[in-house]
Each structure stands twice: as structure tokens, then as C-alpha cells.
Amino acid sequence: MEREEVLFGVLGPVTAENQCGPIALKGPRHRAVLARLIVARRRVVPVARLIADLWADSPPPGAVGAVQTFVAALRRALEPDRPPRAPARLLVTEGPGYALRAAPDGVDAWRFETAVGEAAELPPARALPRLDEALELWRGPAYADFAHEEWVRGERARLAELRLRSVERRADAQLALGLAAEAVPDLDAHLADHPWREDAWRLLALALYRTDRQGDALAVLRRARSTLVEQLGVDPGPGLRRLEADILAQDPALGATAGQAGRAGQAGPTETAARLWTRAAEAYDRTVAAGARARLETTVGLLRDLAVTGGGGLTAAREHRMAAVAAAEEFGDPVLTGRVIGAFDVPAIWTRGDDPELARQIVAAAERTLAALPPPEVSGASGRVSRTYDADGTYDAVRCRLLATVAVETRGSHSSRGPQAASQAEAIARRLDDPALLAFALNGAFMQSFTRAGLAPRRAEIGAELVALGARHGLVTYEVLGRLISLQAYGALGDFRSADAHATAADRLAARHELPLVGVFTRWYRALRLAASGDLAEAGAAYESAAADLPDAGMPGLTHGLLPLALLSLHLADGPRVPAQGAVDPAADWGPYRHWITPLAALAAGDRPAARTALRALPDPPRDLLYEACCCLEATAALELGDRAVLTGVHERLLPASAELAGAGSGLLTLGPVSRYLTAITAALRG
């Protein structure tokens, strides 16, 4: 441990220690300040918020001074060797408050979450020791000395739930490795304290059955039924009921792990999965009423999963999405409607929508639902903001999902609503510290990161955070999204080494998790790489080959006009010049890019008056992944026509992207360095 490193513990009583041992934290208020800053996860906590949390509704007159005293004492304890008047390194003053800049692995709860997230991506043999390591970090209930404080309640509940799931995941790994006997005592102890955990009952019964204790397994299931009915007033779920039936039938699939079953010549994984699907669907139909809210939410979850299975699934999910929203609105419950709208958090990478009318309807429904929710904050008689009406964050989580939906579905728009919604969603997600919400909000932020040219560095930041979030918390589709965003951003910046690495990682994840649509983007990217390297003939063939996948991709917003535009880009690889007439065939399917092709087609045909008219009629390009490319097409025509007014406007728009490759931010095609176009425009304006 380096001299200044401090490790903090919150999985039990709040502690701090350095290389010399435990650090004395003085009184409970000092520990409370430290704990409150740890809960904030390196973010700033305003002094007013600290005061409100430390003293609830009755802060003393000298509360600000008291907080300053606590902070000063903590700084002396945490950094005893800091020279006088030297800035603090750990507990820093920033803006209106304080932040604890602990190392990413400097808090035991953070190390626990990292280990659990990594274990989720590992095979059982490697996941088991990682989960053991994670669970050993617990010394007692999280933030044990602040169990009754409102400001820590959500974090305590979140960590406790994660620990319970980790115990069950550990047992699941043991069962997968044939260690059923070892799983039994830990599951027994786990259920003694948490008898409502149905999955734990299932695992215990299965472990007993696999150790030749069929009678004990059935007794456990009877005990589970009795406990759930008496303590919670609910019957066991379909999983427990099905397990009991399978044990009574001595189903061979229960008697061994998947690997053992394969060696014994029993049903293979495909057949087993199909049988499980059929049984689960039958059980669901028997158990959940046709008009139940749960059935509606499950349906939306199914549509979301369907959307990533391929072009057909994406199209089908899009067809049924608005019907699900309309059904939710009939219940008159904005929370339910918000969950249904926001549950369709399918990662979106292409900035031109596939169904503009559907997007408009979804945004309208989201805005209606936002208006029907309670306001985001209320003030009491004292004027102090109170959030007790939303103590568990339900409204905030729903609001976040709705705002992220608005941000995603208003992609490419010139309206200010999209960026505003993206910013609000991201702020809520960061405050709630919910990884899945934050990933969805960042997708919205990405969709709104095209307000001007030259924002590839911002998108690289979004991509990096999505990759980290996805890898740490098992959000596979968002890790893939982060990889694709990074591919695009680094392509725009000309850093193809980094872009190549992200393309390879995206393909690897897609193969492992059956995400076929990822290959649509990575195949087009590899065609772009050939073009950027100067191998134009091979690039043209690669574009033709990649385009063959588009009709089945279920993404018309990507498909229309893309191949002709990509082939045209090869004619502009050396800079702005009007291509030959055959390269800009007016009869080709130029899709949404026709506006910017029309002046070039007229020039190629020798009709300069028509070209000038078309150039002057051009709209402002959509704020999307091909914004810079459209600007460069406009510049190419304007240079040929000598239109100084248009050139001045295009120069101003393109200047922030002077270090980028035009169009390469799409990950699909490029018109070469933006700097070439800027240089040509500057020369023309000086001439």
C-alpha cells in the first residue's frame, strides 16, 4: 500500500485505514459526513444537502460551521502528512460542497460490486472464487452505524439486495460445478434470515435432490410454500411449482449438471432450452391473468429482447410497441405507462429513425406521462426541498426512462427538447446511481451529441463510459453499444487502431450473446477501413457485399440511400471535386441524402443553373452521424459553382470538425479529411 492510500469500509460499520492501520474518525457526525460522501460516489455533495441529511428537519444555527469543522477534522485524519495550506487530495472542496475522491478500488462496497459484475461474465469455475472473494468483504450490514438514516436507506437496500443475489449466484455456480453438497449449508443459513427468497428455496431443493435427498428436497419445497403463504400471503411462483413437479416425476434433467447430462447422452442444450421455454410459457399462461399489468410489462420485456435478435425481430418489436403503450395508458397509471414506455430500452446506434411517425407517437406518449407524474420536487413550509414522497426513487426512475426515451426518439431533430431531455435523464440516473438507467440515459446523450460538427471526442467519452458500465454490471447490449459508439468516434478522429479494437470486441460479444445486428455495423466499418487506407477497389466490393445484409436488417433509417452514398464517397477520397456523371445517377436510391446529391448530379450533367438552384435550396443537414459528410457534399458543389455565401456558411459549420474525417463518425464511410474541404473553401474565398 502506498503511503497516502486510504481504504474505506462501509460493508459493516464505517471505517477508514491506511498503511499504519485503522484511522480514528472521532464522533458519529464525522463518520456520518464521511459515509454521506462515500454514498455520493466521488460526486460533490452540497453543504446544504449535508446539513439537511445530518440534522434532518432541525439544523442548528451554526450548522455550516459545524460541517466545516467536521470536514477539517476528517482531512487531518485522512491525510496527516499533508503540508499546511496544501490542497486536499482526498476530501476536496468543489463548487458548493465537498467530494471524497477515493480510488476506484478504495471502498469495499465498490470492490464488491466490481467483483460481482465480473463474476457475471465468467464461467462457473472462474465465477465461484470471484464471488467468494466478493462476499468475504462483508463485515455486517452495509453502513451499519447509520441504519436509520434516510439518506443511506436506498444505498443500504441496493447493496443488501446485491449481496443476497450474490449468495444465490454462488450457489448456482456450485451446482453447475457438481458441488451440490457444499451449497446446502450456506443456502440453509441464507434462507433462515431471508425466507422470502424464492430462488434460494429453488436452489436448496435442487441441491438436496442432486445429493440423493429427494424427500428432503420435497420437504423444503413444502416449507417454502408454507413460509410464503403465512409470511407474505402469496403462493409459490411457477419456478418452485415446476421444480416440485419435476422432482416428483424424477425428471432426468434435474439429476445432473449440463455437462454431466451431455456426457450421459441426455437432451442437448437446444432441446432443453426449447422444453424450458414451453413449460415456462404454459406456466405463465396458467398463472398470470390475461389482463394483468404484469402480463403487459412482461410483453414489453419480450419485445425488447426480440428487438436484438435480428432484423425480423426488430421489425416485429417496432410493430407492436405503440400497441403496448396504448394498452398501458388505458390503466390510467402513469407509473405503469412510464415503465412500459421506458422498458423498450433497446440500445440505439444509428441516428436516423426507422419509423418517424412511430417515434413521434412514442415521444407524445412519453410527454403525456411525464406531465401526469408528480412533480420532481416539492417544497415544505420551510422552503426546503423534500423528496420523501419518492423515498424509493420510483418516480425518479420512471421519469428518467421517459426522458431518455424522448432523447433517443428525437434523434436528428433540430429541436432543443432532445438535448434537454438527455441532460435531465443523465442527471437523474447519476443521482440514483443505477447502472442500467445511466446506460439508457447515456444512449440518449449520444443521440443528442450532434448539435454541431466536431463532437467526436464527446462521443468517445460516452462510448468509454458505456463500455465500462456494461462490463462492470453485466449490461451486455450496452457494452456492445459503447463499443460501436467508440468505433465511430475513433474513426472520425482517424484513430483506426482504437476503432479496430472496438470492432473486434463488439464482434466477440455479438457472437457470444447472439446479437446478429452488430455484424451489420462492423462489416460496413471494415469497408470504411479499406476506403480510408486507399484501397478503393476493394472498398467498393466490400460496400457491395455489406449492402447485401441491409434488406434483412430491419433498419430502414440506416438502409435507404447508404450504398450509393458510400460508393460516391470513394470518388471524393482525394478531396472535393465533382465526380463523373455515372457516380451520381439521379435515378439511384439516394434516400434521405438526395437533397445533397441533386446539385452534384446537375453539375455532372453540365446543368449549372439547375445545380445553383438546388444548392441554394438545400436545408440544414440533419444533426446526425453524417452531418459533416452532408456539409462536405454541399461544399463540393459550392466550390465548383463559386458560391461565396454558401461557402462561408459551410466553412463556419465545418470548422469545429477540422481534425476529423468527414463521415467517418458514422463508422460506415468517409469523404476524407475535413481539413481538405476547409483549405479549399479558404482558398476560394480569398480568390
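The values are calculated or read from the model by the stated rules, or taken from the named source; none is laboratory data. Given the structure is predicted, the values throughout are model-derived calculations rather than measurements. Positions of Cβ are generated from backbone atoms using ideal geometry, with glycine treated the same way; all protein chains shown enter the neighbour counts. SASA here: full protein model, heavy atoms, side chains in, ligands and nucleic acids out. Shrake-Rupley method; radii C 1.70, N 1.55, O 1.52, S 1.80 Å.
Can you say whether P621 is open to solvent by less than 10 Å² (accessible area, probe 1.4 Å) and not in a helix (DSSP H, G or I), as far as the supplied structure shows?
yes
Select, from A56, A40, A88, the only residue that is small (G, A, S) and at pLDDT 90 or above.
None of the others qualify; the one that does is A40.
Sort out which residues of the range 577-611 are outside any helix (DSSP H, G or I) and over 23 Å from G412 (Cα atoms), and write them in order of number.
Of everything in the range 577-611, those that are outside any helix (DSSP H, G or I) and over 23 Å from G412 (Cα atoms) turn out to be R577, V578, P579, A580, D585, P586, A587, A588, A605, G606, D607.
Taking I51, is it within 30 Å of G470 (Cβ to Cβ), β-branched (V, I, T), assigned to a helix (DSSP H, G or I) and open to solvent by less than 70 Å² (accessible area, probe 1.4 Å)?
no
When you look at A537, is it crowded, with 19+ Cβ neighbours inside 10 Å and either over 32 Å from the mean Cα position of the chain (by Cα) or not charged (D, E, K, R) (or both), yes or no?
In short, no.
Of R139, R130, R153, R126, which residue is of a type in the set (K, R), touching a residue at least 60 places away in the same chain (Cβ under 8 Å) and over 21 Å from A192 (Cα atoms)?
From the options R139, R130, R153, R126, the qualifying one is R153.
Yes or no: G575 within 38 Å of the chain's Cα centre (by Cα) and farther than 28 Å from A547 by Cβ?
When the stated conditions are applied, G575 does not pass them.
Quick one: in the range 544-555, of everything that is part of a helix (DSSP H, G or I) and under 13 Å from V520 (Cβ atoms), which residue is modelled with the lowest pLDDT?
That would be D552.
Does at least one position in the range 480-490 carry a residue that is open to solvent by 30 Å² or more (accessible area, probe 1.4 Å) and not in a helix (DSSP H, G or I)?
Within the range 480-490, none of the residues are open to solvent by 30 Å² or more (accessible area, probe 1.4 Å) and not in a helix (DSSP H, G or I).
Suppose we filter the range 200-254 for residues that are aliphatic (A, V, I, L, M) and modelled with pLDDT under 80; how many remain?
The total comes to 4.
Which residues, taken from the range 286-306, are at pLDDT 80 or above, surrounded by 15 or more Cβ atoms within 10 Å (Cβ to Cβ) and either more than 18 Å from G332 (Cβ to Cβ) or of a type in the set (S, T, N, Q) (or both)?
Those that are at pLDDT 80 or above, surrounded by 15 or more Cβ atoms within 10 Å (Cβ to Cβ) and either more than 18 Å from G332 (Cβ to Cβ) or of a type in the set (S, T, N, Q) (or both): T299, L303, R304.
Given the conditions (1) without any contact (Cβ under 8 Å) to a residue 60 or more places away in the chain; (2) over 22 Å from D355 (Cα atoms); (3) open to solvent by 60 Å² or more (accessible area, probe 1.4 Å), which single one is not true for E514?
Exception for E514: condition (1).
If A611 meets every condition in (1) in contact with a Lys or Arg (Cβ under 9 Å, 6 or more places away or on another chain); (2) farther than 22 Å from I349 by Cα apart from one, which number is that one?
(1)
I'm checking my understanding of the structure. Among residues of the range 158-180 that are assigned to a helix (DSSP H, G or I) and either of a type in the set (S, T, N, Q) or open to solvent by 60 Å² or more (accessible area, probe 1.4 Å) (or both), which one is nearest to L203 (Cα to Cα)?
D172
For the list (1) open to solvent by less than 50 Å² (accessible area, probe 1.4 Å); (2) free of Cβ contacts under 8 Å to residues at least 12 places away in the same chain; (3) of a type in the set (S, T, N, Q), I need the number of the one condition that S498 fails.
In the conditions (1) open to solvent by less than 50 Å² (accessible area, probe 1.4 Å); (2) free of Cβ contacts under 8 Å to residues at least 12 places away in the same chain; (3) of a type in the set (S, T, N, Q), S498 misses (2) alone.
Could you look through the range 491-502, keep only residues that are hydrophobic (A, V, I, L, M, F, W, C) and not in a loop (DSSP other than H, G, I, E, B), and pick out the one that is farthest from the chain's Cα centre (by Cα)?
By that ranking, first place goes to F496.
Of (1) modelled with pLDDT of 95 or more; (2) more than 19 Å from H473 (Cα to Cα); (3) open to solvent by 10 Å² or more (accessible area, probe 1.4 Å), E426 satisfies all except one. Which?
Only one criterion is unmet by E426, namely (2).
Under 30 Å from L50 (Cβ atoms) and in a loop (DSSP other than H, G, I, E, B), is that true of L137?
yes
Taking the range 639-687 as the region of interest, how many residues are open to solvent by less than 40 Å² (accessible area, probe 1.4 Å), farther than 20 Å from P622 by Cα, among the charged types (D, E, K, R) and touching a residue at least 60 places away in the same chain (Cβ under 8 Å)?
Of the residues in that region, 0 qualify.
Taking the options A605, A614, name whichever one is among the aliphatic types (A, V, I, L, M), surrounded by 20 or more Cβ atoms within 10 Å (Cβ to Cβ), over 18 Å from G353 (Cα atoms) and touching a residue at least 12 places away in the same chain (Cβ under 8 Å).
Within the list A605, A614, the selection yields A614.
Return the total of residues in the range 75-111 being in a loop (DSSP other than H, G, I, E, B) and surrounded by 13 or more Cβ atoms within 10 Å (Cβ to Cβ).
Qualifying residue count for the region: 9.
Residue-wise test of (1) without any contact (Cβ under 8 Å) to a residue 40 or more places away in the chain; (2) in contact with a Leu (Cβ under 6 Å, 6 or more places away or on another chain).
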site	(1), (2)
A171	yes, yes
A200	yes, yes
R210	no, no
S226	yes, no
